[in-house]
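In what follows, a structure is listed as structure tokens, so that the remarks can point back to it.
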Amino acid sequence: MKPPRFEYHAPSTIDEACALLTSLEDAKVLAGGQSLMPLLNFRLARPAHLVDINRVAGLDRIYERDGGVGVQALARQAAVEDSELVARVCPLLSDALRLVAHRVIRNRGTVCGSIAHADPASELPAVLLALGGHVVARSKRGDRKIEAGALFAGVFETSIAPDELVVEAWFPRSPKPSAILEESRRHGDFALAGVVRAGDRLALFGVAPTPVVADAKDPARGLQPSGDLEATPEFRLHLVRVLTEKAFAA
Amino acid sequence: MKVNGFAHPAPSDPRRLLSDHLRHDLGLTGTHVGCEHGVCGCCTILLDGAPVRSCLMLAVQAEGHEVTTIEGLAPEGAPLHAVQQAFHECHGLQCGFCTPGFVMSVVGLLEQHPQPTDEQIDEGIAGNLCRCTGYASIRRAVKRAAVLSAPLTPDSSTPLTPDPSPLRGEGANPPT
Amino acid sequence: MSTRWFGERVQRAEDDRFLRGKGRFTDDIDEGALESVLVRSPYAHARIKSIDVSAARALPGVFAVYTARDLPFGGTDLPILIPHPNLTHGRTQRCLASERVRYMGEAVAFVVAENRAIAEDAAELVEVDYEPLPVVITPEAAERAEHLVHDDVPGNVAAELVQEKGDAAAALASAPRRKHLRFRYERGAANPMEARAVWARWSEHEKKLTVYDSTQSPTSIRGGLAVLFGLPESQVEVIAPDVGGGFGPKIMLFYPDELLVPYAAMQLGRPVKWTEDRQEHFTAVNQERGQVHEVDVGYDDDGRVIALVDDFIHDGGAYTPYGIILPIITAGQVPGPYKVPNYRVRFRDMYTNAIPTSPYRGAGRPHACFVMERTLDTIAADVGIDRAEVRRRNLIQPDEFPYEVGVGWQDGNMVIYDSGDYPKLLETALEKLGPRPAGENVGMGLGMYVEGTGVGPYEGAHVQVLVSGKVVAATGIPNQGQAHATVWAQVVADELGVDVTGVEVTSGDTRRFPWGVGTFASRGAVTAGNAMHVAARMVAEKAKKIAADHLEADPADLELAGGAVRVKGSPQRGMPLGAVAVLSNPVRYAFGGGTEAATQFTPKARPGPPLADGEEPGLEATGYFSPVGSAWASGCHAAWLRVDPKTYRLEILKYVVVHDCGKIINPMVVEGQIEGGVAQGIGGAFYERLAYDSDGQLRNASFMEFLMPYATEIPKIEIEHIETPSPLNPLGVKGVGEAGVIPVGAVIGSGIEDALGIPISEMPLSPLKLYELSTSASTSTSTR
């Protein structure tokens, strides 16, 4: 399968990127591409414009701020996984990254890209939600901080505006104990169901249109997960209870 | 972009995938295409030394970067790279289609973990599909590759010469 | 002849080019070829009201768009490859559909363009007006026949075949104990890492068609193209270059592209190529494994089988190009390594609105094995003996060969096992498996199988010693990773007394060897391997004869060793094989390479003409091997596995294989085949599933959702060989290509049943399936 036609843009600064996102209709940002490229190859995504931000310099920092870790838009998942800073300040993020696909995918994929893509079965949005982090979205209108609780709107949907570019994700220090557990069919697959424990907080993924905060004593309450080839709603609820119990047993 | 040390221009069509550019524009058909959605790993190449899926990159994105394909591991006529040699010794390939992708991924794995544990090996090769071998011989090949890549020490007890079985015409000693 | 190479773990001659990225797979070949794409039906069953290709044709970069009416052969049904008298309602598709489509993925138009991206753009512009029709998607639905796949095929039954040995009904009625069981196997897909591809060129000035095809049978493709295009076979060349895995679907012919690509090349005067993408592979390439069995078994209080009646339906898909080989194999293999004194098997091959079925590694045997193994486990539980004991009591014994099963086989003969030692397989496997590991939710999986291998009709080989002393050999069958170039070199090197690296083998190229059948059904070693042996032996005999004249010795006193023909006991009296090759071709003009020795003024070795009556020049020979019957391999797999009682995750703790494929040419290659087969079996048992919905749409047509196992899902496998040579071929070999996969479903299924205590009678399984079986089992009575 080959991608459909699109106009290709490769800005070299953030401002250029934002200007493009403001002026172009039907544009998608290409960062790591590990989620977007398969969609393009399948012709499931047919954006008129691709804005490739990989040439923007100075957008790949992983740094400490406000007691947590800031991960910029072009920081590759592998770099964040290997980061000693992250291991020290937010080991929950390091653990979560080891569950994301495979190392070769993580060499190219970005943390911010995964969060902006908002696949309900992916790990990083749930980690952001469990920790209570935020993303910084920039546009010509300026910077906007979006808390995790206000970020995820639906399946592959966020509250990021079409003219905004996610420039950074901020993860607070992970409390002790923290854990991420998921059930997937094969190593590296998307989760049938997953839980993220950050101290007393619990976030679930793979069981709702977005990651959701839940009560550890009754994690399945109010959930209406969808069914697919590998898990019925009942099975998902069952796994949520099993995984929550495991996460809070330690 | 630089491919195996040689400079090449990027294609004019931005939707040309890097995998197709390497295979059909540059004639480097060693990189294979198995799925075009990033799952099988047959298309894995090194981008600035790290393994990535070439089917998930547009060729134009490789401009300014260094690409190494399977052909670049051991230049024409030169002895096989340690990972290649190990795959041969351990019967780590049958039809050969997934092999370049595995070799490049293993090059990356050994860079990360020069003496990988069994678990690290499985982790490291778990992003590549093989339908022929059942992975057993590939695991053995990774272990052997770690031995062959280990730095020479005077009192090293690990054998540096491979199995003395017939290997068609090539030099039997891996490069150090 | 020496046995220096036979049985050795010779490393592969093929590896270097693959490791360096210099393999030559069909899509690697460009040479200015145009690229193409097939437009396929998105509906599983529909009437085609109209096809409009005008917009597609007008797209810049498009060279041609074909529909059925543009093809001279557009109205011709593709052939039924294996006719059978019981295939009373066989139906095949046409190259491109024009009136009706009967499976999602059936081809409707063919677009040729500058490159694949443009071809895909154009394909999207082809407008087909479909009128959807009711869909029949499961074999059970086909049997209910509320809707028909073919209007003129009543009941959706393509074929029905009943076979019986003894009097099963009577024996069943009088048996002390009886059980009725139902088993269900779902479709699976082989998914070789290289999808299909075809490249073709027509040379107008040579009037020659050259086709590269990722196929398991170049000779058949060649034959078909010659017939279709009215060309002499000598003007059609088909080459299977390097092929990235076959596993069965590539023995299916003719896929529409195999005719369309050559046709387009002839029409457009430029090479044309077509390479499938993975998504297309899921909807276009043949699948297999769908069957439902209703079994009645009668047995005594000691667990000995008295009668077995199996009535099964086979999911044949929308068309029957491969005839009824698959259900015939299943019917022939149900009894397996066991004595079944009264056996009646009926099958009906059903039409469904899904891709046609043709062999996928195992080809009907996995189901047969599952049925018999699970039936024996049921018997064991009922009479209160363990599962190994019930097998002991029913196994055919080593002194009972040849053993007639009493039903027909896929080669048109009867099923007759040639040799084996089944009890030894079982005992060795159990010993290797060892004691039950500690912990909860652990179960033992056990499965035994037989495998009919090495079917005919024949294969051939050509072996030649060049004047340089190098040996070249060729056979018609292609290879997809089975190390033919190494294994045949071992066979030939032994006969000719040369180093194995001095033999170069070509396979799958009709230019080098035009006769043969193909690589499938675990037949390569038996047929081509023995043909190589026959041809090499002929060369050895000729070499001795020629050398005898020159050495003034008796041919009986000569041997081939060290690359030379020499006198036994006096190795210094000899001549290199290259020199013998020179002498085999008396010349007038010496052209180098030592050929001066064969010119007319050299001393004559014998009186008479340089080439005697009946003699041919050259140190070469062509030999054939045609088996009288299958060589029957066998094996026993045993495993310890654990199932997590909460998540239903499967963990295989230990997996052992004890198998018998007769004499082994290269144990390293054999082990690789088994390891690969077991992995495919584990994939098919617990991870892979073709999720067709009720509209016949395949919902998981990608590697993201069709879950092939990675290394992390496959355990270490321990293998032990035993050898009972086959008396039916000179080398004593049996096939092994499919052995690894055959019993895995039975092993995983029985192991999970043992671990969880829930009855397992279907394949595939998954955590979800086990969760559902567990939760319904706890709320309702057992289905057994």
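The values are calculated or read from the model by the stated rules, or taken from the named source; none is laboratory data. From a predicted model like this one, the values you see are computed outputs, not experimental measurements. We place every Cβ from the backbone using ideal geometry, glycine too, and count neighbours over all the protein chains shown.
Conditions tested, residue by residue: (1) at the interface with chain B (Cβ under 7 Å from one of its Cβ atoms); (2) within 24 Å of the chain's Cα centre (by Cα); (3) closer than 27 Å to C:C661 by Cβ.
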site	(1), (2), (3)
C:W5	no, no, yes
C:D15	yes, yes, yes
C:A33	no, no, no
C:V39	no, no, no
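Among the criteria (1) touching a residue at least 40 places away in the same chain (Cβ under 8 Å); (2) in the same structural domain as C:A64 (by TED's automatic domain parsing), the one C:V295 does not fulfil is (2).
Results for (1) within 12 Å of chain C (Cβ to nearest Cβ); (2) in contact (Cβ under 8 Å) with a residue 24 or more places away in the chain; (3) not in a helix (DSSP H, G or I), shown as yes or no for each residue.
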| residue | (1), (2), (3) |
| --- | --- |
| B:V33 | yes, no, yes |
| B:E36 | yes, no, yes |
| B:V39 | yes, yes, yes |
| B:C42 | yes, yes, yes |
| B:V52 | no, no, yes |
| B:C55 | yes, yes, no |
| B:E71 | yes, yes, no |
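Only one entry in B:L46, B:L110, B:L80 is assigned to a loop (DSSP other than H, G, I, E, B), over 26 Å from C:L707 (Cβ atoms) and at pLDDT 95 or above, namely B:L80. Of all residues being of a type in the set (S, T, N, Q) and closer than 25 Å to C:I742 by Cα in segment C:509-529, which is surrounded by the fewest Cβ atoms within 10 Å (Cβ to Cβ)? Just the residue, please. The selected residue is C:S522. Where in segment A:169-213 are there strands (runs of 3 or more DSSP E), lying wholly inside it, with at least 1 residues that are within 14 Å of chain C (Cβ to nearest Cβ)? Answer list for segment A:169-213: A:178-183, A:193-198.
If we scan segment C:716-735, do we find a residue that is crowded, with 22+ Cβ neighbours inside 10 Å, touching a residue at least 12 places away in the same chain (Cβ under 8 Å), within 14 Å of chain B (Cβ to nearest Cβ) and more than 25 Å from C:E14 (Cβ to Cβ)? Taking every residue of segment C:716-735 in turn, none turns out to be crowded, with 22+ Cβ neighbours inside 10 Å, touching a residue at least 12 places away in the same chain (Cβ under 8 Å), within 14 Å of chain B (Cβ to nearest Cβ) and more than 25 Å from C:E14 (Cβ to Cβ). Given the condition within 12 Å of chain B (Cβ to nearest Cβ) and within 24 Å of A:R144 (Cα to Cα), answer yes or no: does some residue in segment A:16-28 qualify? Within segment A:16-28 (the criterion being within 12 Å of chain B (Cβ to nearest Cβ) and within 24 Å of A:R144 (Cα to Cα)), the answer is no, since none of the residues qualifies.
What do you reckon, is A:V100 within 14 Å of another protein chain (Cβ to nearest Cβ), crowded, with 17+ Cβ neighbours inside 10 Å and either at pLDDT below 95 or not in a helix (DSSP H, G or I) (or both)? For A:V100, the condition - within 14 Å of another protein chain (Cβ to nearest Cβ), crowded, with 17+ Cβ neighbours inside 10 Å and either at pLDDT below 95 or not in a helix (DSSP H, G or I) (or both) - is met. Name every residue in segment C:579-603 that is surrounded by 16 or more Cβ atoms within 10 Å (Cβ to Cβ) and in contact with a Lys or Arg (Cβ under 8 Å, 6 or more places away or on another chain), in order of residue number. Result: C:S584, single match. Summed over segment C:285-311, the residues that are touching an Asp or Glu at 6+ places or on another chain (Cβ under 7 Å) and either within 16 Å of C:F520 (Cα to Cα) or crowded, with 24+ Cβ neighbours inside 10 Å (or both) give a count of 4. From the list B:F102, B:F97, the one residue that fits, being within 11 Å of chain C (Cβ to nearest Cβ), in a loop (DSSP other than H, G, I, E, B) and buried (at least 24 other Cβ atoms within 10 Å of the Cβ), is B:F97.
Could you please find all residues in segment A:63-97 being within 14 Å of chain B (Cβ to nearest Cβ), among the charged types (D, E, K, R) and part of a helix (DSSP H, G or I)? Answer for segment A:63-97, where residues must be within 14 Å of chain B (Cβ to nearest Cβ), among the charged types (D, E, K, R) and part of a helix (DSSP H, G or I): A:E81, A:D82, A:D95.
When residues in segment A:13-43 are screened for being free of Cβ contacts under 8 Å to residues at least 24 places away in the same chain, outside any helix (DSSP H, G or I) and under 20 Å from the mean Cα position of the chain (by Cα), 1 of them pass. The set of residues in segment C:677-714 being away from chain B (no Cβ under 11 Å) and assigned to a helix (DSSP H, G or I) consists of C:G684, C:A685, C:F686, C:Y687. With respect to (1) facing chain C (nearest Cβ under 9 Å); (2) closer than 30 Å to C:P478 by Cα; (3) aliphatic (A, V, I, L, M), the lone exception for B:I121 is condition (2). Taking the listed residues C:G452, C:G412, C:G439, the one that is small (G, A, S), crowded, with 17+ Cβ neighbours inside 10 Å and not in a helix (DSSP H, G or I) is C:G452, with no other qualifying. Of everything in segment C:26-79, what is hydroxyl-bearing (S, T, Y) and in contact with a Lys or Arg (Cβ under 9 Å, 6 or more places away or on another chain)? Give them in sequence order. Result: C:T26, C:S36, C:S41, C:T76.
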